[in-house]
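The structure appears right after this line, and notes come after that.
Readers should treat all values here as calculations from the given coordinates under stated rules, not as data from a laboratory. Computed from a prediction, not measured in an experiment: that's the story for all the values here. Heads up, the Cβs are rebuilt from the backbone with ideal geometry, glycines too, and the neighbour counts pull from every protein chain shown.
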Amino acid sequence: MTSGWQPPSPWPRIRMTTDLDVLVVRGVQVAVVRKDIKNLHIGVYPPDGHVRVAAPLVLSDSAIRAALVVRFSWIRRHQAQFAGQQRESRREIVTGESHWYLGRRYRLSVVESTGAPGVRIANLHTIELRCRPGSDYEQRETILGRWYRARLKELAGPIVESWSPVFGVEKADWRVRVMRTKWGSCSAGSERIWLNLDLIKKPRRCLEYIVVHELAHLVERRHGRPFQALLDEFLPKWRFIRTELGSLPITDSAPAVEYFSAEPSPRAGSR
């Protein structure tokens, strides 16, 4: 990424803290946080499409602005996508609500019972949640969340096991957690990948794509051409699946759409 370019007119700059700035680029406010990282990360976040940048410490404001200008059409495209995307309101875990499981929408049926709490797929259209009489929102949410987590572990285990050898990993360690900004992440040192719990609500192919994506990072850390070549070789339809994942109904806590730049040159963009 180059940085010798200077904008033709002054750019507003608002200092918020010693670590977080807001830059205004073509009328769009962009939150910027500097970290000890090598790559520039641009994220567009639901539900309103706000923009956040994680930038290497060596990059100047002008270099960050230049990168944002270059990718401005990408930012606007995803902001428009969020604006037109179907979204879900906060769930109350009550009868009649719609809930997603493996890409299908189900109607929730809450049944109060003195028996053991649990969740089951009652039929092609209904998820049944059994809870104790008088259970509140937190208790019902816990029951449903445990069921989702168990189902994701059942499904993800064989997928991780089958794909690990493809990327030279005997048996990758993997975990599930609630994630607000990513569908998955990995730690190359420990050969461990993390999966977003909400993946259980998406089609199975989306889960498989994220597993393959994170395992590929154990071979190639950056999102450059070598990384994309790996995905092209082993999961040729990954771009289609990525687009599908980004088009499904979103919530306020849905992960961002991110762009990862090439490693910047400290000479070009140093502060």
Would you mind checking which residues have amide H under 5 Å from Y106's amide H? H placed 1.01 Å from N; only 5 or more apart, or other chain.
H99, W100, Y101
Could you put W74, W183, W163 in order, starting from the residue whose Cβ has the fewest other Cβ atoms within 10 Å?
W74, W163, W183
Find, among the GluC sites (Glu not before Pro) in the stretch 131-204, those assigned to loop by DSSP (not H, G, I, E, B) with at most 15 other beta-carbon atoms within 10 angstrom.
E170
In Hz, Karplus ³J(HN,Hα) per residue of the stretch 95-104 (6.51, -1.76, 1.60; θ = phi - 60°; x = Gly, Pro):
4, x, 5, 9, 9, 9, 8, 6, x, 10
Explain nothing, just compute: Karplus ³J(HN,Hα) = 6.51 cos²θ - 1.76 cosθ + 1.60, θ = phi - 60°, for every residue of the stretch 120-136 in order, whole Hz, x for Gly and Pro.
8, 7, 6, 6, 5, 10, 10, 9, 9, 10, 9, 9, 6, x, x, 4, 8
Whether the stretch 40-197 is rounded, prolate or oblate, judged on the alpha carbon gyration tensor where a/c under 1.5 counts as rounded:
oblate
Take the residue pairs K38/K171; K182/K237; K35/K153; K38/K237; K171/K201; K182/K202 and return only those whose Cα atoms are more than 23 Å apart.
K38/K171; K35/K153; K38/K237; K171/K201
